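What follows is a single structure, written as structure tokens, with notes after it.
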Amino acid sequence: MELNDLYDRYWKLVFGVALAILGVPEEAEDLVQDVFMALSNRAVYDAARGSVASYLILLTRSRSLDRLRSRSRAARNLERFREADLLEPRPPRTPLEGVAAQRAAERVRAELSRLPEPQRQVIELAYYGGMTQREIAADLCTPIGTVKSLSRRALEAMERSLGDLLDHG
């Protein structure tokens, strides 16, 4: 069966499973594309192991759960940055706190500058520009899935490089 035929026949099933798990229609739409792109890139379906519908349901479920985990990881990273006062620093109470806050801010700026341009741009628009991922996608004429991936990778990189600030923040 051709990919177009598979898509026409099963996209509603894939969308329904993704929506049931993710709860966000736009994310479910992105996931439908991801699932069928994965299907076109790797012919891993084995008819001897089950029906196409079963395979697509399992693939959709797996990718949906990956997105949920990624979403919660990104939320945790953002919360850790906020808790460490790296995004919205409070006024220092002592001169020593002022120096520490200044150094932390310099490190955050330095690490931001080390990110690849697309990741840095997405993070700056989100955190300094106050834009949502959907607004960023529209502003940059970039698919929402790409914006989400860039955000996730950037936050993970920032967490790795600034982990000592977060642990001792």
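Observations on the structure shown:
- When region 146-164 is filtered for residues that are assigned to a helix (DSSP H, G or I) and not charged (D, E, K, R), the ones remaining, listed by number, are Thr146, Val147, Ser149, Leu150, Ser151, Ala154, Leu155, Ala157, Met158, Ser161, Gly163.
- Of all residues in region 110-131, those satisfying the criterion of being within 15 Å of the chain's Cα centre (by Cα) and modelled with pLDDT of 85 or more are Pro118, Gln119, Arg120, Gln121, Val122, Ile123.
- Exactly one residue out of Arg42, Arg71 is modelled with pLDDT of 70 or more and basic (Lys, Arg): that is Arg71.
The values are calculated or read from the model by the stated rules, or taken from the named source; none is laboratory data. It should be emphasised that the depicted structure is a prediction, and the values quoted were computed from it without experimental measurement.
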